[in-house]
Structure formats: structure tokens, C-alpha cells
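Everything below concerns the one structure shown next.
The values are calculated or read from the model by the stated rules, or taken from the named source; none is laboratory data. In this text the structure is predicted, and so the values were computed from the model without any measurement. FYI the Cβ positions are ideal-geometry reconstructions off the backbone, even for glycines, and counts take in every protein chain you see.
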Amino acid sequence: MLFDSSVRKELARSFGLAFVVILTIVVTMLLVRSLGMAAKGSVAPQHVLLSLGYLALAQLPVMLSLSLFVAVVMSLGRMYKESEMTIWFASGLGLSRFVRPVLTMAWPVLLVVAVLMTIVWPWSNDNSAQLREQFEQRSDLSRVAPGQFQTSNDGSRVFFIERDPSDDSAARNVFIMSNTEHLESVTTSARGTLVYQDNQRVLVLDHGQRNDVDTRNGEKAVARFQQYRVIVDDEVMRAGGARQPKTRPTLDLMRERGNASDGELAWRFGMILGCVNLVLLGIGISATNPRRASNWNLLFALLAFIIYFNLINLSQSWVASGKMKLGPGLLALHGAAFAITMLLLAWRDLGNRLGAPRSGVIPPPSPPPAPPAAGAATPGSVIAPASMSSSTPGMPT
């Protein structure tokens, strides 16, 4: 059908344009984030592009959902602006008739979003976490930023190192200052090595000295050592079995069914249902007045997407904290969004029917009046009397 094919082609063009723009913006932001992580020592510099790929895959469902939503609003909004919608409405098609071609074009994207959320999302998160952990657990000092004063997590220690150019697993000119409740210590060493011991990052110092000052009475103590160990980071790395819910496969979460697992399922299933609702919502909010110079529909669409996206995050936190069950949480949010979408479409259809001719079709123009017959009198005409002869019988000429 001409109507369905024209709508699908318009939506496909708009979707491709919107996806390219959104992908460029998001990848640029993720690249800046990955470079920042590498600068802070969270990711190896040689793994920046790999980390960027994992992050982009994790954000791909959101990008596809937003691109599809924007494409529907842009395409139908343009048809309103150029009065194409007026022609379709005058021919007897309602706004709800656009649901079929829109869903026909959108179902492959919806299927991709479902696969990404159920399979690719946990896989990319797990690989990204493993990449960071492998870099954190390295025994060499290549992950520690040299030439900078760094502070421990609790703020009680400040340390400074210089990289040894001849050995990546060692450092030189190590300086450590630590503060406890009543003791201030300064430790220096000519050489140090970073190792892992009992899931703690430990800096092993060789041939140095330690200066202690008691802040209560000012007593000082100096100690020289051949080897000294100091904990650089108290953070214990997570065990192999203690995986975060976002890194676990969907089937494992469905079998476990705890609060944390249900919260992650609320996020994954919520994004799939939310993408469907956003497509239908885009049909309803795309209506605009062709006589209006400005079009605010796209701004309203972005605002609606942000609100819906934050509500999905809120429902995930409620389910994960045990305030709401998985089923009622999905039904309350996405069922309400679907009901609002259907009411909006019905309201738009009702307004179009009331504003259109009663029959739903433009009446044909009335035929022109037939020309009058010869000799027939027309309204407003005066019949002239018969002409009299110039000669009358019985009268001399």
C-alpha cells in the first residue's frame, strides 16, 4: 500500500540520520570518559579503545531507543508541517492508522534492543569489569601515575613515586607520608615494588628510612630498614563468585530471583518495554499546527524520554531495595505509560474526526448549472410582445 510504504521510507531515513548524530555524540563522550579513566590509572592506556567498545555496546540500547523515538516524532512532525497529515486525515485515515506502518518499520530495531539488553548488556559489562580488574591486579607499577602525589582512599596516606625506566615492575625515589590519630610518619626509599597480598595492593620498599613524630608530645624517631611493606590501597577485589548483577546473564538472574537480581531484571525488561511505549508515544506527541512557525514537539519528546528513562532507573532502585516486586513494578510503570499513550492516540483521533467533514471524505464540487433551452424563460427575464406589422389591413398604404 502506498500509505504504508511512504511512512516506512520516511521513518527509515529519519532513523538513520538520528542514530548517526546520537552515536557520534555518545561515542565522543565515552571517549573522553575512557581517556579520563586511563589518566586516573583505572584502565591501561593500550586498552582505551577496547574499553570504549565495551562502553558503547552497553549504551547501544539507549541510543537505539532514543533514535527510534526521535525518528517517529521528526517524520510525523514534518508531515504535519507540510500538510500531508491533512490529506491523509481527509481521506478517512485516523492517527491510529499510523501505528501499523510505524511498528512494521520499528520491529527489527525493537528486536535488536531486546537482544542487546538480555545478552550483550551483561556481556559487555562483565568484560569491561574484568578489564579493569586485570589492570588493578597487575603487580607492576605501570598503572600508578608517576611524578604525582596520590592519596589513598581514606585520605590517611600520600605517596609519590618515580618510574624506573629500566624496569616496569619497580619504582625509585619513593615518598610516603601517613597520618594516624597521634602519629605522623614520613617514609622514603630508593626503590619500591608493587605487589598484591591478601587482595590488598602493597608497596614493598627496599633500603630506606622512616621518620615518626608523635603529635602529642613532639617525640621523634628515625628507623632505617632493608625492606618495608606499606598498604597502598585497602580495597579488596571482588571474588570470582561475587559478580555484580549487571554482569550476570539474564537466565541466571531469573533463576536466582533476589532483590538485586530483580532490580537488574527490572532495568533490562523495562528498557525493552519502554522502547515499545516510546514508539507509540511518538505518534501521539508529533501533532503540530502547520500554521505555527516554531515546532516544540522535538523538545517535548526529549523531555518525555528523559522523564521516562529516569522513571525506569527509579523503578530499578525500588525493586532492588525491596520496596516493590518485579511484576507490579513493571506493570505499574510501563502499563501506565501504555495506557497514557493509548488515551493520547484516542484523543487525537477524536479531535481529527470532529474537525473533519461528517462523512470523512471531501465532498465533490457541485456540477455547473445546465444552460437554458432555446425559447425557455429564465428567471428575471421579460417576455417581449409580438412585433406588429407596419401595415394594417383595411388601411391605405
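Where residues in segment 266-295 are at pLDDT below 75 and in contact with a Lys or Arg (Cβ under 7 Å, 6 or more places away or on another chain), which of them is surrounded by the most Cβ atoms within 10 Å (Cβ to Cβ)? Per the stated criteria, the residue is T288.
Of the numbered conditions (1) surrounded by 14 or more Cβ atoms within 10 Å (Cβ to Cβ); (2) at pLDDT 75 or above; (3) not in a loop (DSSP other than H, G, I, E, B), F135 fails exactly one; give the number of that condition. Against the list (1) surrounded by 14 or more Cβ atoms within 10 Å (Cβ to Cβ); (2) at pLDDT 75 or above; (3) not in a loop (DSSP other than H, G, I, E, B), F135 comes up short only on (2). Can we say L23 is modelled with pLDDT of 90 or more, within 13 Å of the chain's Cα centre (by Cα) and under 28 Å from Q130 (Cβ atoms)? Yes; evaluated as a whole, the condition is true for this residue. Between R13, R8, which is modelled with pLDDT of 90 or more and basic (K, R)? The conditions single out R13.
Checking the condition out of contact with any strand residue (DSSP E or B) (no Cβ under 7 Å at 6 or more places or on another chain), at pLDDT 85 or above and among the hydroxyl-bearing types (S, T, Y), which residue from S189, S185, S261 passes? Before the answer, list the steps.
Details: S189 fails: out of contact with any strand residue (DSSP E or B) (no Cβ under 7 Å at 6 or more places or on another chain); S185 fails: out of contact with any strand residue (DSSP E or B) (no Cβ under 7 Å at 6 or more places or on another chain).
Being out of contact with any strand residue (DSSP E or B) (no Cβ under 7 Å at 6 or more places or on another chain), at pLDDT 85 or above and among the hydroxyl-bearing types (S, T, Y) holds for just one of S189, S185, S261, which is S261.
The conditions of being crowded, with 16+ Cβ neighbours inside 10 Å, at pLDDT 85 or above and in the same structural domain as T341 (by TED's automatic domain parsing) are met by W121.
Answer with yes or no whether S42 is in contact (Cβ under 8 Å) with a residue 24 or more places away in the chain, assigned by TED's automatic domain parsing to the domain that holds K246, more than 29 Å from L344 (Cβ to Cβ) and over 20 Å from the mean Cα position of the chain (by Cα). Before you say what the answer is, go through the steps one by one.
On the way: in contact (Cβ under 8 Å) with a residue 24 or more places away in the chain: yes; assigned by TED's automatic domain parsing to the domain that holds K246: yes; more than 29 Å from L344 (Cβ to Cβ): yes; over 20 Å from the mean Cα position of the chain (by Cα): yes.
Here the answer is yes, as S42 does meet what is asked.
Within segment 91-113, the set of residues being exposed (fewer than 15 other Cβ atoms within 10 Å of the Cβ) and at pLDDT below 80 comprises S91, G92.
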